[in-house]
1. Which of 119, 225, 361 moves most in a GNM of the chain, Cα contacts under 10 Å?
2. Could you compute the FRET efficiency for residue 58 and residue 295, with r as their C-beta to C-beta distance and R0 at 45 Å, rounded to 0.05?
3. Answer with one residue from 163, 392, 120: the one whose Cα lies farthest towards the positive end of the charge dipole of the chain, charges on Cβ with Lys, Arg +1 and Asp, Glu -1.
4. Using a probe radius of 1.4 Å on heavy atoms only, what accessible surface per residue do you get for the chain? Whole Å² is fine.
5. Provide the net charge surrounding residue 374, with neighbours chosen by a C-beta distance below 12 Å and charges set as Lys +1, Arg +1, Asp -1, Glu -1.
6. Would you list 135, 36 from the most to the least accessible area, probe 1.4 Å?
7. Can you give the helix-only mean residue ellipticity at 222 nm for the chain, where every DSSP H stretch with n ≥ 4 adds -39500 (n - 2.57) and the sum goes over all residues, rounded to the nearest 500 deg cm²/dmol?
8. Once you have the Kirkwood Rh of the range 118-197 from its Cα pairs, apply Stokes-Einstein at 4 °C and 1.567 mPa s and quote D in µm²/s.
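The values are calculated or read from the model by the stated rules, or taken from the named source; none is laboratory data. Everything numeric here is computed off the predicted structure, so don't read it as measured data. Here the Cβ positions follow ideal geometry from the backbone for every residue, glycine too, while neighbour counts run over all protein chains shown. Calculation scope for accessible area: heavy atoms of the full protein, side chains included, ligands and nucleic acids excluded. Shrake-Rupley method; radii C 1.70, N 1.55, O 1.52, S 1.80 Å.
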Amino acid sequence: MNLKYFIFLLICISSFAQNSEFPTAKVDSIVNRIQLPVFPAYQINIAKLGAKGDSVTNNKAAFDKAMALCKKNNGGTIIVPKGIYKINGPIHFVSNVNLKIEKGAKIKFSDNPQDYLPLVLTSWEGTILYNYSPLIYAYECNNIAITGEGTIDGEGGKTWKTFKAKEAKGKDLSREMNHNNAALKDRKFGEGYFLRPQMIQFFKCKNILVENVRIENSPFWCLHLLKSESITVRGVSYKSLNYNNDGIDPEYAKDVLIENVTFDNGDDNVAIKAGRDHEGRANSATPSQNIVIRNCNFKGLHGVVLGSEMSAGIQNVYVENCKTVGYLKRGIYIKTNADRGGFIKNIFVRNIQLDEVEDCLYMTANYHGEGHGYQSDISNIHFSNITCNKASESGIVIQGFPEKKIRNISLKNIEIKSAKNAISNENAENVLMTDVFIGKRATVPSAAK
């Protein structure tokens with residue numbers, strides 16, 4: 001080997017090893033610049049506006065009036081006292097408002113799709129379009145919050161649940177409009193298309209807090225952070241087990257802190273996204289980035305997922321000090337395919353405790369074997385201090401393409417006590433493993449007899 005090349009190779013390997021260390025200073029800088037919302041002193045208790053927590057009365061008018069009064073006073077806090085408050089239709093935020101749901105209070109939304117008309121500008125699985133309003137919706141708002149120790153019930157297990165079997169027409173049309181760059185004004189769904197709304201969506205918002213509330217029974221994704229920034233989600237708990245009940249979906253989002261959240265979801269716990277296919281690639285200036293996930297309890301389908309809608313790119317994601325409290329199909333799941341393009345890079349995961357999973361760490365550029373022409377770039381992915389009791393399928397999976405390999409993967413202090421298949425590694429380069437144990441640890445070799 002040429003001496004100069006050998007020295008260069010040593011320098012590259014040394015640099016990669018150093019760069020794989022968890023960047024605590026970067027995490028601190030992200031958390032420190034996230035701004036919590038600030039609210040005026042004005043407060044209004046919805047009971048004083050005629051709302052009744054009897055689980056029967058429709059309180060839509062009272063909530064709308066409370067929001068209008070806050071707007072008139074340049075913001076404030078809407079207090080929801082103990083009781084069950086049925087609302088036949090959505091809550092639409094204005095800026096500078098804290099919706100405070102007190103302990104013992106529950107907001108229970110109707111499940112009549114007609115209540116969520118007229119259509120609003122929203123997104124569905126990575127494509128911007130007009131659809132039923134999310135149950136709680138904020139568009140171009142600043143300084144907003146949902147707080148308190150109460151519950152939000154999306155009533156998603158009845159009428160909305162039946163939409164899943166009928167969604168193909170709308171889903172396929174939305175994909176076609178995405179790929180053909182259809183005019184936004186023509187992307188009108190709602191009645192006849194069966195695309196379920198998100199439970200809570202913040203769209204083009206800034207300085208957001210969701211704290212301590214309980215989220216149950218969503219029609220679709222639970223908390224969608226769309227084209228928003230400076231976001232804190234903490235102390236939230238979930239029990240939402242319907243189809244596609246992702247817990248938190250940051251999409252084209254930046255500067256996000258998710259901490260001390262207890263998940264129990266029918267789908268991904270955290271699913272980081274960044275648009276689908278043509279539309280996502282056209283928004284490459286707004287990747288999902290600078291996302292911190294820490295001290296969470298995972299339960300559901302997958303713990304943390306990056307993709308598969310990620311065509312604008314995902315970068316600078318930091319996951320630490322999380323554990324499972326039940327079964328997960330996959331612990332950490334990075335997924336994209338050859339329709340997406342974009343990139344997933346600079347991902348750091350450490351101090352994760354998993355119990356029983358199907359696959360522990362899974363990275364694939366060929367999700368569902370779909371697509372052509374737009375292979376994604378996956379690079380600089382770092383795992384350290386990961387434990388898992390059992391993987392019923394694979395411990396570690398890495399799947400790139402021969403012409404676009406997954407690059408620069410570090411695996412340090414990984415222990416998977418039992419796995420049907422230890423490692424499946426194809427079309428990857430510069431994979432560095434240090435102290436990786438899958439199955440029983442080897443000991444001193446026995447002597448020949």
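1. Sorting by GNM fluctuation, first place goes to 119.
2. Plugging the Cβ-Cβ distance into 1/(1 + (r/R0)^6) gives 0.70.
3. Checked the options; the winner is 120.
4. With the other protein chains kept in place, the chain gives 41 Å² per residue.
5. Net charge in that neighbourhood comes out at 0.
6. Ranked list, largest accessible area first: 36, 135.
7. Taken over the chain, the calculation gives -4000 deg cm²/dmol.
8. Working: Rh = 14.1 Å.
Value of D from the Cα-based Kirkwood radius: 92 µm²/s.
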